[in-house]
Every structure is written in structure tokens, then in C-alpha cells.
Amino acid sequence: MSVEASAPADGAATEQDIAIARAVNPQMVPGRRDFMQYRELGVTAASQGRIRAQVTSSSAGLSEPTGWHVHLCEGQLVYMLSGWVDLEFAGGRVERISVGDSMYIPGDTPHNEIATSDAFELLEVSIPADMGTEVCDAPG
């Protein structure tokens, strides 16, 4: 297992554990889209489900938009590690986030991923960890 939990040296019990996700042995998990890979960083277990942090990567660009959807959460933070992603929001607003850029999307915000670079990698953090996704109509 690539995620390590540790307790204080004195052995005292803590409400949360420190989690270390080692790059040499990544813990891959299923995700929302079959063509992407998802690396769990151990935050879900360490925070007892309050926060999720994953690295999402793809070696093939998006072939068609994902379709309008919302995430059932308080919010999600996306930080681009490589490549870029175009997202569409209400009112025809399109935003490209590229390497080094971040975006916070409040929960229940309709959006549509419309394009990506040929390959990309991003860090996604959501609160809570169990973030649902629901298809929705395009905003009027």
C-alpha cells in the first residue's frame, strides 16, 4: 500500500493520522471517467472522509465534452500540474486552466469540461471526500 498513516512518537491516540502518499508506489483508485487515471493521496482516510485529494491524469485528450453536471459537495479545488483543461460555465463563460493555475468551483455549480490538452495531470481536492456527480441541464 502506498499511503502510510503514522501516530505520534509517544504513541498517543489522535483524531486524525498523518498520511504520506509515496510516488514510487501510487495507490490507484476508480474514478468518474474510464479514460482517466486517479491516484488517491490518503487524505480521505486520514481526514475521516472530510477531504479527498487525488491526482487525476490522462494520456489522451478529451474527445468530446463531458456534458453539463454538478458535483454534490461544498466545493472542489483543481490545480493543474501539467497540460490544460477548458471548462464552460453559465452564461457561455469558458475558462482555461493551465499548468500552475488553480480553480475553485463551489458545490452545485453547473459546468462542462469541453476540451483538454493531449495529456494532462491535475490535483483535485474536494470537501467532503464523498463527492457525488449529477447530470444537469445546461444553464439558461
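All of the numbers you see were taken from the coordinates with simple rules; none came from a lab. Not measured: the values here are computed from a predicted model. With ideal geometry, Cβ positions are generated from the backbone for all residues, glycine too; neighbour counts draw on all protein chains shown.
Miscellaneous remarks
- Exposed trypsin sites (Lys or Arg not before Pro) absent: longest stretch of the chain, with sites in DSSP loops and at most 14 other Cβ within 10 Å deemed exposed: 94-140
- 10 Å-binned pair-distance histogram of region 78-140 (Cα, whole percent): 20, 50, 29, 1
- Exposed-site-free run, longest, the chain (rule: GluC sites (Glu not before Pro); DSSP loop; at most 16 other C-beta within 10 Å): 75-140
- Charged-residue dipole, Cβ positions (Lys, Arg, Asp, Glu), the chain about Cα centre, Debye nearest 20: 180
- By the count of other C-beta atoms within 10 Å, a proxy for reagent exposure, Leu81, Leu87 are ordered fewest to most as Leu81, Leu87.
- The chymotrypsin sites (Phe, Trp or Tyr not before Pro) of region 31-140 that meet both conditions, a loop assignment by DSSP and at most 13 other Cβ atoms within 10 Å of the site Cβ, are Phe35.
- Listing Ile127, Ile105 from fewest to most neighbouring C-beta atoms within 10 Å gives Ile127, Ile105.
- In range of the label at Leu77: residues from region 108-127 whose backbone nitrogen is under 13 Å from the point 7 Å along Cα→Cβ: 123-127
- Calculated [θ] (222 nm, deg cm²/dmol) that DSSP helices of n ≥ 4 give over the chain, each run adding -39,500 (n - 2.57): -500 deg cm²/dmol
- At full extension, Ala60 and Leu123 could sit 21.0 nm farther apart than now, given 0.36 nm per residue minus the alpha carbon distance.
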